[in-house]
Amino acid sequence: MASSVEGRGPAAAAAEDGKEKPTKKKTAVRRMSQAEIDRWIAFEHDEADIPGAEEEEPPKLSEALGPELMAKLPQHVRERLVELDAGREERVASRARLQQQLREEREEMVREREDILRQYRDKGYVEYEVEVEEEEGGAAAAPPPRRGRRRFRPGVVKRAGGGGGVEKIN
């Protein structure tokens with residue numbers, strides 16, 4: 001018997017069955033630790049780290065070898081070189097996309113660093129927002145632990161009677 005949630009993740013199946021409680025996302029403000037602030041201060045942006053598109057592309061293999069040498073190669077090697085040359089344009093386009101993505105991520109990191117430095121100069125600390133999930137309708141967070149000292153003492157048990165005394169097993 002096939003389920004209507006077949007092919008989807010277990011969370012979707014549990015939510016549809018009514019077993020999982022719905023959660024709602026809430027933003028909370030946290031304070032950044034001094035070690036994290038120090039790492040952001042030490043971060044330096046250098047555009048030279050990202051290889052640029054201005055670098056000259058190497059020529060196609062079949063063009064680099066020349067027609068005389070290509071004629072001397074076995075047929076299966078020539079076919080493989082043509083296949084490699086055909087996939088070259090795709091690799092060049094993929095490389096350009098990756099370089100653009102790296103630049104965008106680097107720019108985002110620079111903006112984030114500037115914001116962190118501004119907050120640190122102005123307030124002396126840095127705050128950032130984090131999304132936290134909160135269960136609806138369920139019990140609140142676990143209660144805090146009991147007050148007082150609770151320690152494990154091997155070989156010692158409390159008496160079952162109402163006397164409250166302690167007796168040694170061994």
Item to complete: Could you tell me whether the range 53-73 includes any residue that is among the aliphatic types (A, V, I, L, M), at pLDDT below 85, more than 25 Å from Gln101 (Cβ to Cβ) and in a loop (DSSP other than H, G, I, E, B)?
Response: yes
Worksheet entry | Residue pairs meeting the criteria (Cβ under 7 Å; at least 6 apart or on separate chains; first touching a residue at least 24 places away in the same chain (Cβ under 8 Å), in the range 74-97; second open to solvent by 50 Å² or more (accessible area, probe 1.4 Å)) | Asp85/Lys60; Asp85/Leu61; Arg88/Lys60; Val92/Glu57; Ala96/Ala53
Worksheet item: Is at least one residue of the range 133-148 open to solvent by 100 Å² or more (accessible area, probe 1.4 Å) and modelled with pLDDT of 80 or more?
Response: yes
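The values are calculated or read from the model by the stated rules, or taken from the named source; none is laboratory data. What you see is a predicted model, and the numbers here were worked out from it, not measured in a lab. Counting neighbours? That spans all protein chains shown, and the Cβs are built from the backbone with ideal geometry, glycine included. To get the accessible areas, we keep the full protein, side chains included, count just its heavy atoms, and leave off ligands, DNA and RNA. Shrake-Rupley method; radii C 1.70, N 1.55, O 1.52, S 1.80 Å.
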